[in-house]
Structures are given as C-alpha cells and as structure tokens.
Amino acid sequence: MELIFAIALFAFSSGITPGPNNIMLMSSGVNFGIKHSLPHLFGICFGFPAMVLAVGLGLSTLFQLYPVLHIIIKYIGITYLLYLAWLIANSSNKLKGKATASPLTFIQAAAFQWVNPKAWIMGIGAIATFTTMEQALAPQVITIVSVLFCVALPSAFVWLGFGVALKRILKNQKQQKIFNVSMALLLVLSIIPMIAP
C-alpha cells in the first residue's frame, strides 16, 4: 500500500504540473469546450499508460540496443510539438461562429504520447524508481500503469476545467487570440529541455 501511495504521489506531482498535454488540454477547453475535448482527454489518459506499459515490458531494451531510435523519436516529438503550437496559435474560436481547427482525436492524443517528452520522462522515471529486480517485472509495471491511469484522469480534467473556466473570462476574439498565442508559446518553451544536451 505504501508503494501505491508513493507511485500516486509521483504521478500526481508530475501529471498536474504544466506540460504539453496539460497546455493542449487547457487550450482545447477554451477553444472547443468539454464535450468536444473529451476524446483528446481520454486519448491522453489511455495512451500514456499504454506507452508506459510497452516501455516497462521491454521496449526500453530496444532503445538501449538502438539509441538512434530514441533520437528519431525526440526530433519527431519536437517537430510535432511545433506543429501543434502553430495550430493552437491559429485556432479560431466560436465567437466568430466557426472554428478553423478542431481538437485532437482520441487516436491523435494517444499517439502523441509516444513523442511527448514529459510522458517519456514520467514513464521511464516511474519504472526506474518503483520497480525492483527482486520481484517479477510484469506485475510491478501493471501496478505502476494502473496508478498512472487513475491519477491521469483527475489531473487531465483539472486542466480541461481550467480551459473551460477561462473561456467564460475571454469575452472577445482578441482576448482569445492572445490566450491561444500565449499557450502556443508555452508549448514551444516546453521543448527547450528536449533540445538542451
């Protein structure tokens, strides 16, 4: 029970802090509301634990054998984050009666976890910290993934809720444009730790 609490504390402190997923969820809440952002939210909440499960059950060995795969994923992630930042900055709002962009789908959000730098840091950190060689690895990884999933849902809803609350404050198109550009810049700033050696 103590281990589960420690994993939950790790997952909460990592999952509630700003990062690409949370910034995009908040932006989606502002631009599209809760209902249209739910596939994005559930894509994160299912996609991240699935990625951690795959890494924990052996994919990390593949990356150790072929380090170039990690580098490729890193630069795909940087490119995709820049593209998402551009989409957020150029999102239209419903104040004009139409939207020029749409929220991420379940599949897009789940797939994004494979190139999300924060997701990799959290996943590898959890596996390295909370597994031991004295016990079978698979049950330990399943425990970690289960706790990550349970903590991801409320954390994601908090950020989506922030976005929906902000939508009520942003009363005109100019305010929403400033918000979208600010969120895009935050997303770009989240890339800096990936680029630094």
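The values are calculated or read from the model by the stated rules, or taken from the named source; none is laboratory data. Since we're looking at a predicted model, the values are computed, not measured. Backbone-built Cβ (ideal geometry, glycine too); neighbour counts: all protein chains shown. The accessibility values were calculated without ligands, DNA or RNA, using every heavy atom of the protein model including side chains. Shrake-Rupley method; radii C 1.70, N 1.55, O 1.52, S 1.80 Å.
Please go through segment 79-114 and give me each residue that is modelled with pLDDT under 85 and among the β-branched types (Val, Ile, Thr), ordered by number.
Listed by number, the residues that qualify are Thr79, Ile88, Thr100.
What about Thr79, is it open to solvent by 40 Å² or more (accessible area, probe 1.4 Å) and not in a helix (DSSP H, G or I)?
Values: open to solvent by 40 Å² or more (accessible area, probe 1.4 Å): yes; not in a helix (DSSP H, G or I): no.
Judged against the criteria, Thr79 is not a match.
Considering every residue within segment 129-150, establish whether at least one is in contact with a Cys (Cβ under 7 Å, 6 or more places away or on another chain) and modelled with pLDDT of 90 or more. Outline the logic, then answer.
Start the filter on segment 129-150 by keeping residues that are in contact with a Cys (Cβ under 7 Å, 6 or more places away or on another chain), which leaves 149.
Within this subset, residues satisfying the condition of being modelled with pLDDT of 90 or more are 149.
Yes: segment 129-150 contains one or more residues that are in contact with a Cys (Cβ under 7 Å, 6 or more places away or on another chain) and modelled with pLDDT of 90 or more.
For segment 112-143, what are the residues that are outside any helix (DSSP H, G or I) and exposed (fewer than 14 other Cβ atoms within 10 Å of the Cβ)? Steps first, answer last, please.
The first filter runs over segment 112-143 and keeps only residues outside any helix (DSSP H, G or I), leaving 116, 131-136.
Thr132, Met133, Glu134, Gln135, Ala136, listed by residue number.
Consider segment 1-16. How many of its residues are open to solvent by 20 Å² or more (accessible area, probe 1.4 Å) and farther than 25 Å from Thr105 by Cβ?
So the answer is 11.
For segment 55-73, state whether one or more residues are open to solvent by 10 Å² or more (accessible area, probe 1.4 Å) and either part of a loop (DSSP other than H, G, I, E, B) or in contact with a strand residue (DSSP E or B) (Cβ under 8 Å, 6 or more places away or on another chain) (or both).
yes
Taking Phe42 as meeting all but one of (1) modelled with pLDDT of 75 or more; (2) buried (at least 18 other Cβ atoms within 10 Å of the Cβ); (3) not aliphatic (A, V, I, L, M), write down the number of the exception.
(2)
Kindly indicate whether Leu185 is farther than 20 Å from Ala109 by Cβ and either out of contact with any strand residue (DSSP E or B) (no Cβ under 8 Å at 6 or more places or on another chain) or among the β-branched types (Val, Ile, Thr) (or both).
Details: farther than 20 Å from Ala109 by Cβ: yes; either out of contact with any strand residue (DSSP E or B) (no Cβ under 8 Å at 6 or more places or on another chain) or among the β-branched types (Val, Ile, Thr) (or both): yes.
So Leu185 fits the description; yes.
Please find, among Asn180, Asn172, the residue that is at pLDDT 75 or above, open to solvent by 30 Å² or more (accessible area, probe 1.4 Å) and of a type outside the set (D, E, K, R).
Details: Asn180 fails: open to solvent by 30 Å² or more (accessible area, probe 1.4 Å).
Checking each option against the conditions leaves just Asn172.
Taking the condition open to solvent by 80 Å² or more (accessible area, probe 1.4 Å), within 25 Å of Ile121 (Cα to Cα), assigned to a helix (DSSP H, G or I) and not acidic (Asp, Glu), does Phe149 pass? If you could, list the steps in order and put the result at the bottom.
Values: open to solvent by 80 Å² or more (accessible area, probe 1.4 Å): no; within 25 Å of Ile121 (Cα to Cα): yes; assigned to a helix (DSSP H, G or I): yes; not acidic (Asp, Glu): yes.
So Phe149 does not fit the description; no.
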